[in-house]
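Colleague: Okay, handing you the structure first.
The values are calculated or read from the model by the stated rules, or taken from the named source; none is laboratory data. From a predicted model like this one, the values you see are computed outputs, not experimental measurements. Here the Cβ positions follow ideal geometry from the backbone for every residue, glycine too, while neighbour counts run over all protein chains shown. SASA here: full protein model, heavy atoms, side chains in, ligands and nucleic acids out. Shrake-Rupley method; radii C 1.70, N 1.55, O 1.52, S 1.80 Å.
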Amino acid sequence: MKYLLVSILTFSCTIVNAQKAISENFNIKKGVAIEGYDPVSYFKNNPKEGSNKWQVEHNSITYYFSSESNLEEFRSNPDKYEPKYGGWCAYAMGDTGEKVKIDPDTYKIINGKLYLFYNFWGTNTLTLWNKSEVILKPKADNNWSDYLN
């Protein structure tokens, strides 16, 4: 019984620490993920700004939605809709491992996951990502896991 209790407490602490690592490393602007964009709307090929009228907190991260139905869709499977790499630029995460801001209108869905990109001052990193995705994606995955440990 004592072993079971210690195992449960250890597991619980691991989950809490993982959620804390995610929330501390997430790209948050004005307290909201994806600069207030609706994460579900990306999967409908129509990124839209959300509203604080429809919001939810998941893993200590606040998300806005453009409709109640999108909010409910997110609630049914939040891991599906959360952006990769904490919402930071996927290209930068793969290239240098840095957390770089994004343009919420510049994105790509890869294997059912949302990737966001920097697109300012004439530099669209989605274009660069597309040229080297096979190399950059595993590097980005590895660099992101370093942030979470």
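Colleague: Kindly write out, for the range 90-99 in residue order, the coupling ³J(HN,Hα) from the Karplus curve 6.51 cos²θ - 1.76 cosθ + 1.60 (θ = phi - 60°), rounded to whole Hz, with x marking Gly and Pro.
Modeller: Along the range 90-99, the couplings run 5, 4, 5, 4, x, 6, 10, x, 8, 8 Hz.
Colleague: Cross-link partners among aspartates and glutamates for LYS29, C-alpha distance below 18 Å, same-chain residues fewer than 8 apart left out?
Modeller: ASP38, GLU49, GLU57, GLU82, GLU98, ASP103, ASP105
Colleague: Taking amide H positions as placed 1.01 Å from N in the peptide plane, with prolines and chain starts having none, which residues 5 or more places from SER51, or on another chain, fall under 5 Å of its amide H?
Modeller: The answer is PHE65, SER66.
Colleague: Under 5 Å between amide H atoms, partner at least 5 residues away or on a different chain: which partners does HIS58 have, H built in plane at 1.01 Å?
Modeller: Sorted by chain and number, the residues that satisfy this are TYR63.
Colleague: Mind listing which trypsin sites (Lys or Arg not before Pro) in the range 43-73 are in a DSSP loop and have 16 or fewer other Cβ atoms within 10 Å?
Modeller: Details: sites: LYS44, LYS48, LYS53; in loops: LYS44, LYS48.
Listed in order of number, the matching sites are LYS44.
Colleague: Now for a separate question. FRET efficiency for ILE110 and ASN52, Cβ-Cβ distance as r, R0 = 30 Å, nearest 0.05?
Modeller: 0.55
Colleague: Which ³J(HN,Hα) values in Hz, rounded to whole numbers, follow from the phi angles of the range 28-36 under the Karplus curve 6.51 cos²θ - 1.76 cosθ + 1.60, where θ = phi - 60° and Gly and Pro get x?
Modeller: 10, 10, 6, x, 10, 6, 6, 6, x
Colleague: What are the ³J(HN,Hα) couplings of the range 59-70, residue after residue, when phi is run through the Karplus curve with 6.51, -1.76, 1.60 and θ = phi - 60°? Round to Hz, x for glycine and proline.
Modeller: 6, 6, 10, 8, 10, 9, 9, 8, 7, 5, 5, 5
Colleague: In whole percent, how big is the carbon plus sulfur part of the accessible area of the range 58-124, probe 1.4 Å, protein atoms only?
Modeller: On the way: 1280 of 2980 Å².
Result for the range 58-124: 43 percent of the exposed heavy-atom area is carbon or sulfur.
Colleague: Follow-up. Going by amide H atoms built from the backbone, whose H comes under 5 Å of the H on ASP103, apart from near neighbours?
Modeller: Here the answer is PHE117, TYR118, ASN119, since their amide H atoms fall under 5 Å of that of ASP103.
Colleague: By a straight-distance test (C-alpha under 12 Å), which aspartates and glutamates pair with LYS137 as possible cross-link partners, with residues fewer than eight away in the same chain excluded?
Modeller: List returned: ASP95.
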